[in-house]
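> Before anything else, here's the structure in question.
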Amino acid sequence: MKVLVLGASGGMGSAIVNELTSREMEVVAFARTKAKLYQLYGNNSLVNIVAGDMLNGMEVIKAAEGTDLIIHSVNVPYAEWAEKLPKIMQHTLNAAKKHKTRLAIVDNIYGYGKNSGKKIKEDQPKQAHTRKGQIRLELEQMVKDSGVSYVIAHFPDFYGPHAGNAILNYYLQSVAEKKRSMFVGDPNILREYIYTPDGAKALVNLAIHETAYGRNWNIPATDVISGKQIFEITDKLTNQNGKPVIVNKLMIQLLGLFDKNMREVVEMFYLTKEPVVLDGELYEREIGPIPKTSYEEGLKETLRSLAETREQEETVNGPV
């Protein structure tokens with residue numbers, strides 16, 4: 001199988017490329033920044049690097065030539081969702097139609113709306129109450145109306161190597177750099193964070209199962225965990241004992257006065273108070289065990305990767 005991974009330089013995209021090549025599959029890694037792609041995959045003979053723009057439909061079609069599967073793991077800043085995500089999805093669907101490839105999509109939990117008070121199954125009615133949740137539902141409908149053979153996988157918040165824009169990685173980045181850290185939301189609330197290599201394994205497993213297509217799948221994390229439990233683990237891993245700054249909704253609103261992307265975070269703050277927790281029963285029944293790395297191991301590897309990336313940047317650019 002030859003697979004085109006769109007968004008191959010992101011946290012989940014890079015984990016997917018690594019998972020595919022670990023299974024000896026040939027990959028076309030597509031993202032905007034050629035230098036980052038070469039940094040990630042320059043030594044991997046199974047990866048064909050293609051730098052391109054998802055807003056250029058012809059570049060996406062060209063990248064998909066000769067592939068059997070397209071994996072869509074592209075994201076853009078919140079402030080650009082309404083303008084860019086529908087165009088990106090349409091270009092992806094056009095490429096899949098042109099080359100008669102299947103399509104696997106990395107999706108989030110926004111479309112489900114507020115927490116129902118129990119674990120969310122795939123048949124839970126989607127009642128998005130935020131604009132970003134509504135956009136996700138619009139994209140999903142585009143896929144279902146396209147005639148393309150698809151798999152849509154819903155994931156909770158990510159963390160892991162190269163997951164730089166993930167909410168938990170903001171905290172972990174500062175821990176790795178031994179700086180005063182910030183944690184978004186109530187640290188007493190139990191929430192889900194999925195380790196990106198686990199999510200990648202689960203998605204690839206879906207993509208190679210014939211019966212998975214034409215359906216939505218929920219992929220939960222290893223377990224729920226509180227911010228305080230995360231602090232205990234990272235303190236033990238780093239021999240640090242620094243209390244993070246707890247970022248609340250008011251702080252986000254104030255930052256939003258100066259930063260349009262932070263303004264967009266405000267409507268998603270409900271997820272830090274009433275987290276959506278996914279039910280993986282369908283996946284486990286029809287596909288197999290959900291990959292589950294312990295938080296101790298996942299946080300350890302993420303901190304190691306962040307520290308390594310920091311050292312590489314300092315080698316090239318000098319101390320920051």
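The values are calculated or read from the model by the stated rules, or taken from the named source; none is laboratory data. What you see is a predicted model; the values in this text were computed from it and never measured. Cβ sites come from the backbone with ideal geometry, for glycine too, and all protein chains shown count toward neighbours.
> When the range 286-300 is examined, which residues are found to be closer than 16 Å to residue 151 by Cβ and assigned to a helix (DSSP H, G or I)?
Result: 286, single match.
> Six or more apart or on different chains, Cβ under 6 Å: which pairs go from a residue in the range 76-89 that's in contact (Cβ under 8 Å) with a residue 60 or more places away in the chain to one that's small (Gly, Ala, Ser) and not in a helix (DSSP H, G or I)? Could you list them?
Within 6 Å, no pair qualifies.
> When the range 119-161 is examined, which residues are found to be part of a loop (DSSP other than H, G, I, E, B) and without any contact (Cβ under 8 Å) to a residue 60 or more places away in the chain? Step through it out loud before you land on a result.
Step one: of the range 119-161, the residues part of a loop (DSSP other than H, G, I, E, B) are 119, 121-130, 146-149, 155-156, 160-161.
Selection gives 123, 124, 125, 126, 127, 128, 129, 146, 147, 148.
> Would you please name the residue that is nearest to residue 121 (Cα to Cα), looking only at residues in the range 162-209 that are assigned to a loop (DSSP other than H, G, I, E, B) and hydrophobic (A, V, I, L, M, F, W, C)? Spell out how you get there, then give the answer.
The initial filter retains those residues of the range 162-209 that are assigned to a loop (DSSP other than H, G, I, E, B), namely 162-166, 177-181, 185-190, 208-209.
Cutting the leftovers down to hydrophobic (A, V, I, L, M, F, W, C) gives us 163, 166, 189-190, 208.
Working: 163: 26, 166: 24, 189: 21, 190: 19, 208: 22 Å.
This residue is 190.
> Looking at the structure I just gave you, is residue 24 farther than 17 Å from residue 202 by Cβ, modelled with pLDDT of 95 or more, among the acidic types (Asp, Glu) and part of a helix (DSSP H, G or I)?
Here the answer is no, as residue 24 does not meet what is asked.
> How many residues are touching a helix residue (DSSP H, G or I) at 6+ places or on another chain (Cβ under 6 Å), of a type outside the set (A, V, I, L, M, F, W, C) and in a loop (DSSP other than H, G, I, E, B) when one looks only at the range 66-86?
Residues flagged as touching a helix residue (DSSP H, G or I) at 6+ places or on another chain (Cβ under 6 Å), of a type outside the set (A, V, I, L, M, F, W, C) and in a loop (DSSP other than H, G, I, E, B) within the range 66-86 amount to 2.
> Is at least one residue of the range 30-41 more than 14 Å from the chain's Cα centre (by Cα), in a loop (DSSP other than H, G, I, E, B) and either β-branched (Val, Ile, Thr) or on the phi > 0 side of the Ramachandran plot (or both)? Let's see the steps before the verdict.
Taking the range 30-41 first, the residues more than 14 Å from the chain's Cα centre (by Cα) are 30-41.
When the remaining residues are screened for being in a loop (DSSP other than H, G, I, E, B), the result is 32-33.
Then keep just the ones that are either β-branched (Val, Ile, Thr) or on the phi > 0 side of the Ramachandran plot (or both); that gives 33.
Looking for residues that are more than 14 Å from the chain's Cα centre (by Cα), in a loop (DSSP other than H, G, I, E, B) and either β-branched (Val, Ile, Thr) or on the phi > 0 side of the Ramachandran plot (or both), one finds at least one in the range 30-41, hence yes.
> Considering only residues that are touching a helix residue (DSSP H, G or I) at 6+ places or on another chain (Cβ under 8 Å) and part of a loop (DSSP other than H, G, I, E, B), look in the range 210-231 and name the one that is nearest to residue 196 (Cα to Cα).
Here the residue is 221.
> Only one residue in 300, 273, 292 is of a type outside the set (Gly, Ala, Ser), over 17 Å from the mean Cα position of the chain (by Cα) and buried (at least 16 other Cβ atoms within 10 Å of the Cβ), so which one is that?
Unique residue meeting the criteria: 300.
> Find the residue count for the range 1-17, including only residues that are outside any loop (DSSP other than H, G, I, E, B), crowded, with 21+ Cβ neighbours inside 10 Å and not hydroxyl-bearing (Ser, Thr, Tyr).
Selection size over the range 1-17: 10.
> Against the definition (surrounded by 14 or more Cβ atoms within 10 Å (Cβ to Cβ) and either hydroxyl-bearing (Ser, Thr, Tyr) or assigned to a helix (DSSP H, G or I) (or both)), how does residue 234 come out, yes or no?
Against the criterion (surrounded by 14 or more Cβ atoms within 10 Å (Cβ to Cβ) and either hydroxyl-bearing (Ser, Thr, Tyr) or assigned to a helix (DSSP H, G or I) (or both)), residue 234 qualifies.
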